[in-house]
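Asker: Here you go, one structure.
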Amino acid sequence: MQKCVECGGKIRTIKDRPYHYDESGLDVVLYGITQFQCENCGEDYVSLPNVERLHRAIGGFICSQRKALLTPAEIIFLRKDLHLKSKELAALLGVRPETVSRWERGKESIGETQDRLLRSIYMNYASEKANNVICHGVIQMFTDLPRERTKIKTPQAIELNPSDWLGPEMELCR
């Protein structure tokens, strides 16, 4: 029997409850994740298999499925998953560090060119990490992005099942 690290109480297993992966900084809902809860103090625990691949799936979804310009939270997520400091991302995108800071704080929208470049950098990074091509049709992905994306709202959550990041081969572009 498992015991709670906080109070020593009995831990119960919870299945079939969506898990809101707030740790990502985004609105991500995961399905099929085993969760645990202390029957005594109510402390919640979760076991996430292969977080690195989960982050690649989230980043791939953002880059290939989100049609609007990247949001501040999405920029932060991609930058962190690339293991870059703001200053390093600014250098990669050819902008000043203050510009990246304004994007991430929501004081300014990312530009069209930098948005496309950041998506491209991320997808290439994810592809390298996977040791294979995980995004077929990257040209089409950029072609499908509309020109006037500042007017597009994307309130939907990113919803993923374990097979989206634990399957034998990830396909991030759909």
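Please treat every number below as a calculation from the coordinates, not as lab data. Please read these numbers as outputs of a predicted model, since none were measured by experiment. Neighbour counts run over all protein chains shown; Cβ positions are idealised from the backbone, glycine included.
Asker: Counting Lys and Arg as +1 and Asp and Glu as -1, what is the net charge of the other residues whose Cβ lies under 13 Å from the Cβ of K129? Intermediate values should be presented prior to the final figure.
Answerer: Working: positive: R53, R56; negative: E52, D81, E128.
In short, -1.
Asker: Right, something else. Modelling each spin label as a point 7 Å along the Cα-to-Cβ direction, I'd like the R105/K15 distance in nm, to one decimal.
Answerer: 4.8
Asker: How many nm is it between the label spots at N124 and D44, if each spot is 7 Å from the Cα in line with the beta carbon?
Answerer: 3.9
Asker: So how long is each side of segment 13-101 along the principal axes, counting just the alpha-carbon atoms, biggest first, in Å?
Answerer: Principal-axis extents of segment 13-101 (Cα, largest first): 52, 27, 20 Å.
Asker: Okay, moving on. If we sort 2-15, 56-69 on the protection proxy, mean other Cβ atoms within 10 Å, highest first, what's the order? Present the calculation step by step, with values, prior to reporting the outcome.
Answerer: On the way: 2-15: 12.9, 56-69: 21.4.
Listed from highest to lowest mean packing, they are 56-69, 2-15.
Asker: Could you compute the FRET efficiency for K153 and F36, with r as their C-beta to C-beta distance and R0 at 25 Å, rounded to 0.05?
Answerer: Details: r = 36 Å, r/R0 = 1.43.
Efficiency for this residue pair is about 0.10.
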